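S.K.: Mind having a look at this structure? Questions to follow.
The values are calculated or read from the model by the stated rules, or taken from the named source; none is laboratory data. Remember, it's a predicted structure, so these values are computed and weren't measured experimentally. Cβ placement follows ideal geometry from the backbone for every residue including glycine, while neighbour counts extend to all protein chains displayed. Surface accessibility is based on the protein's heavy atoms, side chains included, excluding ligands, DNA and RNA. Shrake-Rupley method; radii C 1.70, N 1.55, O 1.52, S 1.80 Å.
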Amino acid sequence: MDFLRPASWEEALAAKAEHPTAVPIAGGTDIMVEINFDHRRPEHLLDLNRITELSEWEVGEESVRLGASVPYTRIMEDLRAELPGLALASHTVASPQIRNRGGVGGNLGTASPAGDAHPALLAAGAEVEVESVRGTRLIPIDAFYTGVKRNALAPDELIRAVHIRKADGPQQYSKVGTRNAMVIAVCAFGIALHPATRTVRTGIGSAAPTPVRAEAAEEFLNAALEEGGFWDSGKIITPSVAKQFAELASGACNPIDDVRGTARYRRHAVGIMARRTLGWTWEQYRGSGRTLEGAA
């Protein structure tokens, strides 16, 4: 196994172009497990740790440009206001040591349906900035996951950053695991209210071959909130609406039975998490002053 250590982003792109099968490594929290258990033996490892810009972020007027290697700890501590859903998801990642090393770019590169960041990224409506020697492109998060542990990256491309819209409303994240820490999700659910557009987005993890949105549930809830005048009045969402939303979210799952849980349990748990996180976010919205200018 050859170990490539580019000193700049340009050198990294050149190395990836020359060795398209090279596996990027930054935090190493996924790839090193596979290597240690001899599940994977890549011909080349591409070490990105010397490229400092990957660990930086920029807060713009409407969005955050998050470097691929920004550690989860930094998201939790410095971007909680701008990216509350992702900050909550970051809290559930493994241990403090791993949160200090791992970043969103690794979750995206691995594209495991159990990656903790995916539901929050889907709910927030992120875009993935990827680059090669051929140029740069932005991939909408909805189009990024293409199969089990597969993504839309071309062989010569690297993830440079993630563009995530700043929260304009409450966001929540919930995860079910076999214990409280150092655990892979049995299933996970993220939700984001977007009062500026009067829409709700969701994200589901570890309950389908890829991370997915509960699109039918979103469409139902968007219509129910609008037709019922909920955005303007801030009244409590009725139990029937919450129940239907939860059932549709559960229906968006396509899980499997494995050592962490059954498919039936995952569908049930996603429905429970959908109902609860909807309640939490809506209570936050109702209690936030809910400026009608921002909701219009």
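S.K.: Roughly how many Å² of Arg65 are accessible to a 1.4 Å probe, to the nearest 10?
M.R.: 50
S.K.: If you don't mind, there's one more thing I want to ask. When only Cα pairs under 8 Å and 6 or more residues apart are kept, what is the percent relative contact order across the stretch 1-61? Could the numbers behind the result be given before it?
M.R.: Working: 67 pairs, mean separation 30.0, N = 61.
Worked out over the stretch 1-61, it gives 49 percent.
S.K.: Got a sec to turn the phi values of the stretch 260-265 into Karplus ³J(HN,Hα) couplings, 6.51 cos²θ - 1.76 cosθ + 1.60 with θ = phi - 60°, whole Hz, x for Gly and Pro?
M.R.: The phi angles translate into 8, x, 8, 4, 4, 5 Hz.
S.K.: Please list, ordered by chain and number, the residues whose modelled amide H lies under 5 Å from the amide H of Thr199; skip anything fewer than 5 residues away on the same chain.
M.R.: Answer set, sorted by chain and number: His194.
S.K.: Using only alpha carbon pairs under 8 Å that are at least six residues apart, calculate the relative contact order of the chain and give it in whole percent. Walk me through the numbers before you get to the answer.
M.R.: Working: 649 pairs, mean separation 46.6, N = 296.
16 percent.
S.K.: Determine the shape class of the stretch 130-175: with a ≥ b ≥ c the square roots of the Cα gyration tensor eigenvalues, call it rounded for a/c under 1.5, and otherwise prolate if a/b is greater than b/c, oblate otherwise. Please list the in-between numbers first.
M.R.: Values: a/c = 3.20, a/b = 1.63, b/c = 1.97.
It is oblate, given that a/c is not under 1.5 and a/b is not larger than b/c.
S.K.: Still on this structure, please answer the following. Spelling out what I want: for every residue of the stretch 217-228, take phi, set θ = phi - 60°, compute 6.51 cos²θ - 1.76 cosθ + 1.60 (Karplus), and round to whole Hz; glycine and proline get x.
M.R.: With the stated coefficients, the stretch 217-228 comes to 5, 4, 4, 4, 5, 4, 5, 5, 5, 6, 5, x Hz.
S.K.: Also: Cα to Cα, under 28 Å, and not fewer than 8 places away if on the same chain: which lysines meet these conditions relative to Lys243?
M.R.: Lys243 reaches Lys175, Lys235.
S.K.: Turning to a different aspect of this structure: Can you work out the accessible area per residue across the chain, with the rest of the protein chains kept in place, probe 1.4 Å, in square angstrom? Numbers along the way, then the final one.
M.R.: On the way: 13570 Å² over 296 residues.
Ligands and nucleic acids excluded, the figure is 46 Å² per residue.
S.K.: Between Leu138 and Ala181, what is 0.36 nm times their sequence separation minus the Cα-Cα distance? Round to one decimal in nm.
M.R.: Values: separation 43, 0.36 × 43 = 15.48 nm, distance 3.33 nm.
Working it through step by step, the gained length comes to 12.2 nm.
S.K.: I've got another one for you. How far is it, in nm, from the label point at Thr197 to the one at Asn254 when both lie 7 Å from their Cα along the line to the Cβ?
M.R.: A separation of 2.4 nm, rounded to one decimal place.
S.K.: From Cα pairs below 8 angstrom and at least 6 apart in sequence, can you work out the relative contact order of the stretch 50-162, rounded to a whole percent? Can you show the working numbers first?
M.R.: Numbers: 181 pairs, mean separation 28.1, N = 113.
Once normalised by length, the contact order is 25 percent.
S.K.: Here's a follow-up. List the residues whose amide H sits under 5 Å from the amide H of Ala114, counting only those 5 or more places along or on another chain, with H placed 1.01 Å from N in the peptide plane.
M.R.: Ser206
S.K.: Here is a further query. Taking a ≥ b ≥ c as the square roots of the Cα gyration tensor eigenvalues, with a/c under 1.5 meaning rounded and otherwise prolate when a/b beats b/c, else oblate, which class fits the stretch 90-200? Please report the intermediate quantities before stating the final value.
M.R.: Values: a/c = 1.88, a/b = 1.17, b/c = 1.61.
The shape class here is oblate.
S.K.: Something else about it: Could you calculate the contour length gain from His39 to Val148, that is, 0.36 nm times the residue separation minus the distance between their Cα atoms, to one decimal place in nm?
M.R.: Values: separation 109, 0.36 × 109 = 39.24 nm, distance 1.60 nm.
Here the segment from His39 to Val148 would lengthen by 37.6 nm.
S.K.: Straight-line reach from Lys16: which aspartates and glutamates have Cα under 20 Å away, leaving out those fewer than 8 places along the same chain?
M.R.: Leaving aside aspartates and glutamates fewer than 8 places away in the same chain, those within reach of Lys16 are Asp2, Asp30, Glu43, Asp47, Glu53, Glu129, Glu131, Asp156, Glu157.
S.K.: Quick one: putting +1 on the C-beta of Lys and Arg, -1 on the C-beta of Asp and Glu, what dipole do you get for the chain around its Cα centre, in Debye to the nearest 20?
M.R.: On the way: 32 positive and 36 negative charges, 224 e Å.
Here the size comes out at about 1080 debye.
S.K.: Considering only protein heavy atoms and a 1.4 Å probe, what is the carbon-and-sulfur percentage of the accessible area of the chain?
M.R.: 51
S.K.: Using the Karplus equation 6.51 cos²θ - 1.76 cosθ + 1.60 (θ = phi - 60°), what ³J(HN,Hα) coupling, rounded to whole Hz, does each residue of the stretch 86-102 give in order, writing x for Gly and Pro?
M.R.: 5, 5, 5, 5, 4, 4, 8, 6, 6, 10, x, 4, 6, 5, 6, 10, x
S.K.: Return the long-range amide H neighbours of Trp57 (sequence gap of 5 or more, or a different chain), with a cut-off of under 5 Å between placed amide H atoms.
M.R.: Gly67
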